[in-house]
Every structure is written in C-alpha cells, then in structure tokens.
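Structure first, commentary second.
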Amino acid sequence: MLAFLIRRLAQAAVVLAVVGLIAFAMFRFAGDPVNQIVGPDTPVSERAEIRKSLGLDDPVLLQFGRYAGNVLRGDFGISYQFRQPVTTLLAERMPATLELAFCATLFALSVGILMGVYCALRRETFLAKLFQAISLVGVSLPTFLIGILLIFLFSVTLGWLPSYGRGDTVRIGGWTTGFLTVSGLKALILPSITLGLFQMTLIMRLVRAEMLEVLRTDYIRFARARGLTTRAIHFGHALKNTLVPVITIAGLQLGSVIAFSIITETVFQWPGMGLLFVQAVQNVDIPIMSAYLLLVAAIFVTINLVVDLLYTVVDPRLRTSVGRTA
Amino acid sequence: MTETVLSVRDLRVAFETRRGTLTAIDGVSLEIGRGEILGVVGESGAGKSVTGSAVIGLIDPPGRIAGGEIRLGSERIDDLPPEKMRRIRGRRIGMIFQDPLTSLDPLYRVGEQIVETIRTHTDLSAKTARARAIDLLTEVGIPAPERRIDGYPHEFSGGMRQRVVIALALAAEPELIIADEPTTALDVSVQAQVITLLKRLCREHGTAVMLVTHDMGVIAEAADRVAVMYSGRIAEIGPVAEVVRAPRHPYARGLMGAIPTLSDTAERLTQIPGSMPRLTAIPPGCAFHPRCPNVFGRCRVERPEPILVGGTRVACHLYDARGEAA
C-alpha cells in the first residue's frame, strides 16, 4: 500500500512538473510581457530596464528554475492588471469557487444517484422515462444556456433568486463563506444547479446503467434465492456494487467541476477563480493564467489520487491485489 | 416413497414475447420425497432450469407460471404473494447456482453473507448466527472456518466457493434444495467432491434435492430418481437404475446411448440426429417425433400422456395399451 502511494505521488510530481513547464512557456510565447506592463509610448531604454529588472534577459533554463522555485514557495508572481501577488488574488477567490464546486458536486451526486437508482429499479414507470428524457437535455444543453435559462425563469420572471454574485458573505479567518447568510445560500442555488447539471445527468445515467447491469448478475439472483428482503438486495448488494465504478467517474467529474466553473462563474458573475481567469485571459494577464493552469492540474492530480485510494477502500479485491504487488 | 416434500402438477410456464406466447414448460409433473435426490436431465433449452426457477418462484418477467400447481409439503406455493414467497426462499427452499465464482457478492465477506441469510430467516443474535455460520462452513468442509469466515469470495477457489454457496443454501435448514448445474463450472476433480458433499448433507438433514444437470455421470452418481426432459415436457421419469440402464422413451434411449464409454472403439460418437425444436416451432403431437427412430402415424397428431410402465412413467405412444413393448 505504501509503495503504491509513493509510486502514485511520484507520477503526480511528474505530471505537475510538465504542466509547470507549459505554464512557464506561456510567459515567453504568449506575447512580450513588457508590452503588457508599460504603455505604448514608453521609450526603448526604459523597456530594457524593466526587462532586466524582471530577469527576462536571463537564459530560459535559469528563468524556469527561478519560476519553479518561486512556485514551490507559493509565489506565482505579480498580476499585470491588478499589480498584486497572484497568490493573494487566488486565495481571495478560492473560497467562492470551492463552495460553488462543493454545492454543485453535492447536488450532482445526491440527485444523480437517487434518480439513477429510481430509474434502474422502476424502469417502466412514467417518472423513470421522464428522468431519462430530462437527462438527455442536461447532457446536450451547454452550461451557459442552462444558466441563462435559469436566470430568466427564477430571477427575471419569478424573482425568487438573485441572478448574479455571492450575496452577503461572512469572513472566517482567510475564508469568506456564503453558507452562513440567507442571501449567500440563495445566491448559491442557481449557479450550483447550472454547474452540477451536466455531472448530475452523467451520474444518473451511469448509475442507472451500472445498476441494471448489477441487477442481472448471478449474485443478485442468488441473493433473491436466499430470500433476502428486496431492500437488502437493492440497497445492500446492488447499490454498493453499482457505486464502485461510479466513484471513479464522480471523482474525476469533481475535478472538471472546478475547472469548468469558468463558464458558470462568468454567467453568474461569481467572484471566484474562474471569473478571475476569464478576466486574465481578456487582459493577457499571464501570471494569473499560468497559476490557474497549475492549480487546476494540482486539483486533478489530487482527486485522481484520492479516487484510487477510495477504490481500494470500497472494493476488497483491489485491496489484496494492491497489497500483494506492493 | 416417504413423505412428499415437493409435488409439481401439470406445471406450465409461458413467456410473453412480441411474437406471441411461448410455452417453455408444458405439463410437467414430478414429486420429490424427503431425503431424495431427483435428477433432471435434458439438452440445453429443454426447460430444466426453468422448472427449478418456477419452483423457487424466481421466474423473471416476461415469464410466468401459466398453469398447474406447485406444492411444498401440503402448502400450495405457486400462487403466493411475493412477500410470502420471499420468506419461503432460503428458509424452506434453498438454491445452488451453476457458477460459484459469480454467485457470491464480491464486496461482502463470506461470513457476512451467511449471517445475513441466517438472520433474515431466524431471529438469532448476530453472535449466535456467526457461530452457526462457522458450524455450516465446517460442515461443508472448509478448512479453518474460524479464519476463513472473514475472507472475501475472491480469496476462495472455485470448489471452495461452491461449498460456501452450499452452506448458504443450507443456512436456514430448508426442506428442499434446487441445485441448478452445481458442478458444471467446476474442475472434474472437484465435481465429485461437491456431489459427494451434497449427497451426504441431504442424507444427514433429510433434505430433498432437485438436481438439474446435463451430466449423466453426476446423475448416475448422485440421484435416486431421474426425469428426462425434452422441449419443456417430461419424456420419462423413474428410478435411476431403470432410466439410465434400461431407458424406455426413444429420446432417453438416444440420450443414454450418446454417453461415450472408455471401452468404445468407435471413431465417431453416437448422437441423436437433428436438434431440439425451438420454442417457437414445437411440432404437434409428440415433440420428439421428427427425430424419433420409432415414429408412427399417431405420434404426429396426438400428444402422448405419461403412462406407468414398470417403475417409470413414460410419455410415448409405443407403450400405450400394449404395456411393455418395442
């Protein structure tokens, strides 16, 4: 188990180093950063001075080494547009994105699993067929459209929920939370649904398909032949076996929820990292872009690792085989 | 015969399909007495397994019991509501499936599954149920049961898993066990052990067994009586000694004649010409008549009813009125 963990950590380090290289390359190839800092009428001598003070004259490898060292210390440089350390900017925005991603995932998992189980167990009912149809819509409609439709219905027409922003937030240490105020919670509803809808339908369809598969297996038939109650068969045996593959997909989806919150945050003007990233792209604010790239990569790698470990917790077969190879 | 445990009268099982109703089992009657092993043989698709599933009430839709009656002891069980039938499954009728590798839920320890079965049908405490589970594992010949009870199914070999499955089927001391091809998926060397075990347990507990198989060796080894099935009907049913050594029905004769022997020097194996009709195309009269070497006019139009000849019941016009003939 320990060897497995160490091997996976080494792999993660390689992935992050490669992403770091790409993030660094952005500085050199996405235009001249000096142009972004100074005005068009700055004299050439001044430009050269800035170039020198920023270390842009040094060899590429040295620059990358310096960059990597800074990143490891948590220093992603200074944002061109805000003239503030990127780390501070991201740390300010991170709670908003993480809270949104958390709610979206919670929504996707709970509703997705419930609907999936219902569709598998009551396959022929009208409601199950309705869920199936809705899930097709969820899979095929783009996120921004769903967001705009929700805003139109619940904010503009009905006026129940806010159409943008986080509402009132409470500051706890370095973390601002919207969980503690009514307006903060209300503001979370629409973005969470928008962000989680795709994942929700995906999980629902996955759970349904997996569970139908599991219900056909011999051990379910045998469980019925043993006279177990329907509840024990469906929820003790069938659902547990269904969730083994669902965990992987759901875990990986959590990563994409954070990464793709860009669109939802733009639609709802959600003051998170995604919105910051979009603004950075518009202003060619490369330090923020590369830091965001690294951050998303780190989140994905971490989630992958956690999913692999979760797998072995749920499935005893993996537990022993991992133990044996280790 | 001692007291009858299972009595099936004129059972009909039908499957509703888009192309109309298919009759998989048509007029099957049989009894099994206490401690008796009835072998059920026939080609694939003859209706052996469906008969077993019908008895334990596990025919999946679109299939259904369309006629006849099934009695367990003196109680009629084919028309019980699902919840009452569930209480009979595992408690009064146990079942063993073909593939021990897939019969057990991979995510639960062997002991958990046995305890679950015991506690579903009795009100033993968790502790007593566990002690009983260890006893059961000892009884089916699992070495070091105190330790193995906490193993997962994948840690057992095929033969050992089938022993666990037998222990599960016996968990609540049922009166009847339906063993659906219990040895087919096992190594030849393990087959004999499992059959011997099954035989011993049934003798000791007085359990009746319906042993569904296509292996004549298993029948000759284990069964007291045997039913030969063809196209969802019983061609011949009687004591093993008579049916195997001196079969009367032309199909039974063909089947026994097709068993290769070591002393046989023939180049080709004996076979019955033609193949069993599909359910959609069962011929009128005797279902076997297109392949029968002794066919005559009446066979093509009139369906033969089972008649008592010697110690066996034979459904063949050859024996009608004339008694012993051909």
Inset, instruction - With a 10 Å radius around each residue's Cβ, average the other Cβ atoms per peptide and rank B:177-187, A:40-50, highest first. - result: B:177-187, A:40-50
Legend entry - Rounded, prolate or oblate (a/c below 1.5 giving rounded, otherwise prolate when a/b exceeds b/c) for region B:253-319 by Cα gyration tensor: oblate
Inset, instruction - Rank these for me by crowding, A:ARG123, A:ARG205, B:ARG19, going from fewest to most other beta carbons within 10 Å. - result: B:ARG19, A:ARG123, A:ARG205
Legend entry - FRET E, pair A:THR248, A:PHE144, Förster distance 22 Å, beta-carbon r, rounded to 0.05: 0.20
Legend entry - Shielding by other protein chains, B:120-131, mean Cβ within 10 Å: 1
Inset, instruction - Return the distance in nm (one decimal) between the two label points of a simple spin-label model at A:VAL156 and B:THR270, each offset 7 Å from Cα along Cα→Cβ. - result: 8.5 nm
Legend entry - Most fluctuating residue given options B:THR213, B:THR23, B:THR280, as computed from a GNM of chain B linking Cα atoms under 10 Å: B:THR280
Inset, instruction - Using only the alpha carbons of region A:1-149, determine the length spanned along each of the three principal axes and report them from longest to shortest in whole angstroms. - result: 76, 49, 25
Inset, instruction - Can you tell me the 0 to 90 degree angle between the C-alpha axis of helix B:188-205 and the longest principal axis of chain B, rounded to 10? - result: 80 degrees
Inset, instruction - At 20 Å minimum axial length over the Cα atoms and a Kyte-Doolittle cut of 1.0, report the qualifying DSSP H helices in chain A, or say none. - result: A:2-29, A:86-121, A:126-140, A:182-215, A:239-259, A:286-314
Inset, instruction - Search the structure for amide H atoms under 5 Å from the amide H of B:MET229, placed 1.01 Å from N in the peptide plane, and list their residues when 5 or more places away or on another chain. - result: B:VAL41, B:GLY42, B:ALA235
Inset, instruction - Specify, per residue and in Å³, the volume enclosed by the convex hull of the alpha carbon atoms belonging to region A:141-181. - result: 83 Å³
Inset, instruction - Quick one: Debye curve from the alpha-carbon atoms of region A:36-82 only, equal weights, vacuum; give me log10 I(q)/I(0) at q = 0.24, 0.25, 0.31 Å⁻¹ to two decimals. - result: -0.97, -1.00, -1.11
Inset, instruction - Compute the convex hull volume of the Cα atoms of region B:29-75, divide it by the residue count, and report the result per residue in Å³ as a whole number. - result: 95 Å³
Legend entry - Calculated P(r) tail over 25 Å for chain B, as whole % of Cα pairs: 53 percent
Inset, instruction - Can you grab the distance from the C-alpha centre of region A:127-186 to the C-alpha centre of region B:183-234, Å, no decimals? - result: 62 Å
Inset, instruction - Let me have the 222 nm mean residue ellipticity of chain B computed from DSSP H runs of 4+ only, each contributing -39500 (n - 2.57), with the sum over all residues rounded to the nearest 500. - result: -9000 deg cm²/dmol
Legend entry - Two-decimal Rg to Rh for the protein assembly as shown - Kirkwood Rh, Cα set: 1.16
Legend entry - Label zone at A:VAL284 (point 7 Å along Cα-to-Cβ), backbone N below 14 Å, region A:51-82: A:80-81
Inset, instruction - Evaluate the distance, in nm, between pseudo-label points positioned 7 Å from the Cα of A:LEU130 and of B:ARG245 along their respective Cα→Cβ axes. - result: 6.9 nm
Inset, instruction - Under a 10 Å cutoff between Cα atoms, tell me which one of A:LEU180, A:LEU202, A:LEU89 has the largest fluctuation in the Gaussian network model of chain A. - result: A:LEU180
Legend entry - chain A: relative contact order as a whole-number percent, Cα under 8 Å and 6+ apart: 26 percent
Legend entry - Binned Cα-Cα distance frequencies in region B:194-241 - 10 Å width, integer %: 24, 55, 20, 2
Legend entry - Inter-site label distance for B:PHE296 and A:VAL18 at 7 Å from Cα along Cβ, in nm: 8.2 nm
Inset, instruction - Using only Cα atoms, find the angle between the long axis of helix B:158-170 and the longest principal axis of chain B, and express it within 0 to 90 degrees, rounded to the nearest 10. - result: 90 degrees
Inset, instruction - Springs between alpha-carbon atoms under 10 Å, Gaussian network over chain B: tell me which of B:GLU69, B:GLU43, B:GLU83 tops the mean-square fluctuations. - result: B:GLU83
Legend entry - Evaluated over region A:108-228, the Cα radius of gyration and Dmax, each in Å: 19.1, 57
Legend entry - Contour excess over end-to-end distance, with Cα ends at A:ILE50 and A:VAL313 and 0.36 nm allotted per residue: 89.3 nm
Legend entry - Relative contact order of chain B, defined on C-alpha pairs under 8 angstrom at six or more residues apart (%): 20 percent
Inset, instruction - Please list, in chain and number order, the residues 5+ apart from B:LEU6 or on another chain whose amide H is under 5 Å from its amide H, with Hs placed from the backbone. - result: B:ILE32, B:GLY73
Inset, instruction - Using Cα pairs closer than 8 Å and at least 6 residues apart in sequence, work out the relative contact order for region B:1-60, in percent. - result: 31 percent
Inset, instruction - With a ≥ b ≥ c taken as the square roots of the eigenvalues of the C-alpha gyration tensor of region B:111-216, please select rounded if a/c is under 1.5 and otherwise prolate if a/b is larger than b/c or oblate if it is not? - result: oblate
Legend entry - Check: region A:149-217 dipole with +1 on Lys, Arg Cβ and -1 on Asp, Glu Cβ, in debye: 20 debye
Legend entry - Length added when fully stretched, B:ILE259-B:ASP60, from 0.36 nm per residue minus Cα-Cα: 68.3 nm
Inset, instruction - May I ask for the angle, rounded to the nearest 10°, between helix B:110-121 and the longest principal axis of chain B, with both axes built from Cα atoms and the value confined to 0 to 90°? - result: 80 degrees
Inset, instruction - Could you please rank A:ILE303, B:ILE259, B:ILE219, placing first whichever residue has the fewest other Cβ atoms within 10 Å of its Cβ? - result: B:ILE259, A:ILE303, B:ILE219
Inset, instruction - Please order A:VAL137, B:VAL194 by the number of other Cβ within 10 Å, starting at the fewest. - result: A:VAL137, B:VAL194
Legend entry - Percent of Cα pairs exceeding the 25 Å cut-off, where the set is chain A: 62 percent
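Throughout, read-outs are computed from the coordinates displayed, never taken from laboratory work. Every value quoted in this text rests on a predicted model; they were computed, and no experiment measured them. Please note: Cβ atoms are built from the backbone with ideal geometry, for glycine as well, and neighbour counts cover all protein chains shown.
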